[in-house]
Amino acid sequence: MANLRDLGLSEYEARAYRALLRTGPTTAKELSRASDVPMGRVYDVLNSLEQYNLVRSQAASRPKKYVAVEPDAALDRLLDDKKRELEEKAQQYENIVDELVDELDAAEPVDQQFWTAAVGPEETVDLLLERLSAADEQIVMVAGSASPQFDLGEVSELVVEGLEDALSRGVTVSLLMTPTMVESLPRSVGERYTSQLADHPDFDVRIAEPLQGTFNLIDDVEVVIEVPNPLDPGEAFAMIDLKDPDFAADVRAEFDPRWEAAEPLSLSD
């Protein structure tokens, strides 16, 4: 059940405000009796409520009287205070993250093999986006068959956002697809990629064949391979992330000649 304490008031403050709504204008002594707030605390409580702009006082009267602000106005003020606190907290956390990024940015050893895998549509997308966000220099994307990366839904938008973020960091992006893959893409997907990315000087799309499978080469040290669902090729079954410079070099050696022989994809294709 909702409570004034959920909006930042103490127990005594909540009691005092509710009592003022019942009693109307009243003195601190009368309020203490009506709210069960100890007399030794009631003035501090009333001062606090005045700082929240939840009560008004009539200083000219003797003894001084207090009246509650109408509930709608009071709740709006408490809500605004909470929103400001959350915004300040969010900014504090962002500043902390900015400070920690440089402190925790330790170079990963690239001369050691490491692999991991994610299973399931959501998990595979999370892994892919994580690895795209980790790129420092270059992303190579090869799409030889239908892939959830290029679907009509949220995944496609997330991948585009990931590539845009990479480009903004100075990462170059090379996308190689088969003509069949290009033709099979819904127009909205092609428009999404070309309109948001094609004009960027570090983004390049080419077409070539034959190509098999879908994978991403990250910084020439990491290969992220998509494993389609055998029962539904349009859905990702798993994503394998293999960090192995030697294997990545082999993939690069196979990719480069195909990239050089590939044709640029024009917006009219």
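The values are calculated or read from the model by the stated rules, or taken from the named source; none is laboratory data. Worth saying up front: this structure is predicted, and the values here are computed from it rather than measured. Neighbour counts run over all protein chains shown; Cβ positions are idealised from the backbone, glycine included.
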* To do: Could you tell me which residue of the range 24-83 is nearest to the chain's Cα centre (by Cα), considering only residues that are among the basic types (Lys, Arg) and assigned by TED's automatic domain parsing to the domain that holds Leu9?
  => Arg56
* at negative phi, at pLDDT 80 or above and in a helix (DSSP H, G or I), is that true of Asp136? -> no
* Could you run through the range 1-57 and say how many residues are under 17 Å from Asp76 (Cβ atoms) and aromatic (Phe, Trp, Tyr)? => 2
* Residue satisfying condition, being modelled with pLDDT under 90, in a helix (DSSP H, G or I) and exposed (fewer than 10 other Cβ atoms within 10 Å of the Cβ), within set Asp72, Asp126, Asp111, Asp102 -> Asp102
* Please verify whether the range 149-167 includes one or more residues that are in contact with a His (Cβ under 7 Å, 6 or more places away or on another chain) and either at pLDDT 80 or above or closer than 24 Å to Leu242 by Cα (or both). => yes
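Per-residue answers, yes or no, for (1) buried (at least 17 other Cβ atoms within 10 Å of the Cβ); (2) of a type in the set (Asp, Glu); (3) at pLDDT 95 or above; (4) part of a loop (DSSP other than H, G, I, E, B):
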site: Asp6; (1), (2), (3), (4): no, yes, no, no
site: Tyr17; (1), (2), (3), (4): yes, no, no, no
site: Arg22; (1), (2), (3), (4): no, no, no, no
site: Leu31; (1), (2), (3), (4): yes, no, no, no
site: Ala34; (1), (2), (3), (4): no, no, no, no
site: Arg56; (1), (2), (3), (4): no, no, no, no
site: Arg62; (1), (2), (3), (4): no, no, no, yes
* Asked: Does Glu209 qualify as being farther than 24 Å from Val119 by Cβ, in contact with a Ser or Thr (Cβ under 8 Å, 6 or more places away or on another chain) and at pLDDT below 90?
  -> yes
